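Notes for the one structure printed next.
The values are calculated or read from the model by the stated rules, or taken from the named source; none is laboratory data. The structure presented is a predicted model; accordingly, all values stated were derived computationally and were not measured. Note that each Cβ is placed from the backbone with ideal geometry, even for glycine, and that neighbours are counted across all protein chains shown. To get the accessible areas, we keep the full protein, side chains included, count just its heavy atoms, and leave off ligands, DNA and RNA. Shrake-Rupley method; radii C 1.70, N 1.55, O 1.52, S 1.80 Å.
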Amino acid sequence: MSNIKSSHFSNNLGAVNRDNSNHDNTSPDSISALDVRDIPLALYIHIPWCVKKCPYCDFNSHELPIDSQLSMYDEYVDALILDAASQQSLTQGREISSIFIGGGTPSLLPITQYQRLFNSLREIFRFAGDIEITMEANPGTLEHAPFAEYLKVGINRLSIGVQSFAAEQLTTLGRIHNPAQALSAIKAARLAGFERVNVDLMHGLPKQTMSEAFNDIQMAHDAGATHISWYQLTIEPNTVFYRSQPILPDEDSLADIEQAGQALLESLGYNNYEVSAWAGASDKPCRHNVNYWQFGDYLAIGAGAHGKVTIDDAAIKEWTAEKVSKEALKETVGESGIYRFSKSRLPKDYMGYQDETKQNETSEQNKIITMMLKTPTPPKMVGWQAIASDELVSEFMLNALRLHDGVAWSLFEARTGLSYDSIALEVNKLIKQGLLIDDNEHLQPTALGKRYLNQILREFL
């Protein structure tokens, strides 16, 4: 999920999202019938380009081609629109409750392209009346349109990637904005009319002091941030920092910074509803990310975008009757269940869907899915896999345990199709260890459990 900034907890557990290619694509018999009407549906949009790739970034982002032209954006938005149309059937009658535009640097896409994109999306999908639409933006003035223009398109929440207000740290992190630009961007967004502005901040930076970490939080707050994502820098594979690792604060210093920073955020009126997410007194939790953490569904368009969708019996019957033989459908989609899918990672491949040679390379599976979704050949799916029952538990827990107030046990059954009884032994063991609250109606870590979330998750692997 490209838009969720990593915490130490989530990075350590990232390997749980394993490749399912060795599993049968049909949903296991142990999963009961699911009703998608009870499962919220979101949409993720990926814009893959950046002015410069940051040394800590492991997201699917690519530096803008030196010879980039406006026609590149035209082609990309054409692909996004067709991609969205190809997934319309997967809504199964549901409305889109939230949209998150991540990257890369989404604010690099010209505002005229956002106007065209959202005009089409509103024709393809049914938007909720109170839909939350978030866009990630960088502080540099050349990397975004006037903020008021985004409000006109319908974007009503911004997430500004500041990371730090210390000039030296910004240089180390490879950011191309300066502290003054960061402050200006937050204030400009609020003055433009944005009532919800998240600011991304990192802690545990090279040579970072306690006072620097404090200063970052205080400056974001004073500038008008209504929500702060405050997460620890971790070194990820396939990054510049992984190949040439900076010296980070030791574990004791990291713990001190985190504990003191949390106390400061609380004193400023922010509510820590998730491992690294803090909603201010005038704001509320990010609906889109909460949907991820509560194991909701999300469609996904754009280069390298990943989606998750629950398919119920009614959809299977409709697709079987209209477009796809039962045998072909069973090989590709299986019966009702929960599926993950992804799109071509490289922008040139994603936009190359109309290339005849690319079409000839399209897998038989993708051709079947294309028929099923009743559209011309869209940017192809490079992954379409059922989530096996033994992985549903760990994936649900990986997400739900991020939420400090937990989730209702009824959500476990409604979102996975599995019975609470299937994990009762593990739950009782964790309760006895003092890691989960003893509550038959609610899944929630204890204070001790929040410190040892990795240990809780291991019980469900």
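Put simply, the C-alpha atoms of region 33-133 give a gyration tensor, and the ellipsoid matching it has half-axes of 28, 16, 11 Å, longest first. Using a cut-off of 22 Å between Cα atoms, the listed pairs 53/348; 53/187; 284/343 include 53/187; 284/343 as exceeding that distance. Taking all protein chains in place and a 1.4 Å probe, what share, in percent, of the accessible surface of region 31-123 do carbon and sulfur account for? Answer for region 31-123: carbon and sulfur cover 50 percent of the accessible area.
Using the Cβ of residue 414 as centre and a radius below 11 Å, the other residues enclosed give a net charge of -1, where K and R count +1 and D and E count -1. Accessible area per residue for region 401-461, computed on protein heavy atoms with a 1.4 Å probe, is 52 Å².
Of the solvent-accessible surface of region 181-276, computed with a 1.4 Å probe over protein heavy atoms with every protein chain present, carbon and sulfur atoms account for 49 percent. Sorting the segments 173-183, 118-128, 195-205 by their residues' average number of neighbouring beta-carbon atoms within 10 angstrom, most packed first, yields 195-205, 173-183, 118-128.
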